[in-house]
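The structure under discussion appears below in the form of structure tokens.
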Amino acid sequence: DFLDEDILDIELRAWKMYFNEAVNKYGNGVGVLLVPPKGYHIPLAVKLNFEATNNMAEYEACIAGMEALWELGVKKAEVFGDSTLVIAQVQKLWKVKEEHLKPYQQYLDNLTKTFDKIEYTVIPRAQNKFANVLATLVSMVEIPK
């Protein structure tokens, strides 16, 4: 259960969200790290049960994190990822040329409209290690159906 001041933080202060993907010979996975204003960490790892390109998996990671923030009622977010392509496309700085990425960008665009404020920042992979480790771990394990 959240305390009353945690509810205020959800409504007034920005949460941080880090996302990354792993596409390798073992499988595909995404890792997300949510950091509320209080500073504790909420890790999320999602196994992708389909073939995905790196860019598709990056979008899946960003979407998983944004959906989690939406479910928690977060209205302000600072989003960090090492995918320049995804972040630039989400901000509409770059056009989405690949047909298979257009539905991802459109879905994320619709989802982000439910937030009051979102800031995106491209960070070096070295600063995104936690999300990368989560993605790598989940990509390598078999998850029973």
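The values are calculated or read from the model by the stated rules, or taken from the named source; none is laboratory data. Computed from a prediction, not measured in an experiment: that's the story for all the values here. A quick note on method: Cβ atoms are made from the backbone with ideal geometry, for glycine too, and the neighbour counts reach across all protein chains shown. What goes into the accessible areas is simple: the full protein's heavy atoms, side chains included, and nothing from ligands, DNA or RNA. Shrake-Rupley method; radii C 1.70, N 1.55, O 1.52, S 1.80 Å.
Each of Phe130 and Tyr107 was given a label point 7 Å from its Cα along the Cα-to-Cβ line. The distance between the two points is 2.5 nm. If the label point is 7 Å along Cα→Cβ of Glu67, which residues in region 100-115 have backbone nitrogen under 18 Å from it? Residues passing the 18 Å test: 101-115. Measure off, as a whole percent, the carbon and sulfur share of the 1.4 Å-probe accessible area of the chain, all protein chains present. Ligands and nucleic acids excluded, carbon and sulfur give 55 percent. Which angle from 0 to 90°, rounded to the nearest 10, does the C-alpha axis of helix 129-140 make with the longest principal axis of the chain? Its long axis makes an angle of about 50 degrees. The listed peptides 91-99, 114-122, 73-81, ordered by packing as a protection proxy, come out as 73-81, 114-122, 91-99 (highest mean of other Cβ atoms within 10 Å first). Helix 102-112 and the longest principal axis of the Cα set of the chain meet at an angle near 10°. Under 21 Å between alpha carbons, and skipping anything fewer than 8 positions from Lys129 in its own chain: which lysines qualify? Once the sequence-local lysines are set aside, what remains near Lys129 is Lys16, Lys25, Lys38, Lys47. Largest mean-square fluctuation among Leu101, Leu34, Leu44, in a Gaussian network model of the chain whose springs join Cα atoms under 10 Å apart, belongs to Leu101.
Against the chain, whose longest principal axis is taken from its Cα atoms, helix 54-72 shows a tilt of about 20°.
Of the residues Asn128, Asn28, Asn110, the one that moves most in a GNM of the chain with alpha-carbon contacts below 10 Å is Asn110. The ellipsoid equivalent to the alpha-carbon distribution of region 16-69 has semi-axes of 22, 10, 8 angstrom, derived from the gyration tensor eigenvalues as √(5λ) and listed largest first.
Under a 1.4 Å probe, what is the accessible area of region 58-145 per residue, stated in Å²?
Working: 5010 Å² over 88 residues.
About 57 Å² of surface per residue is accessible.
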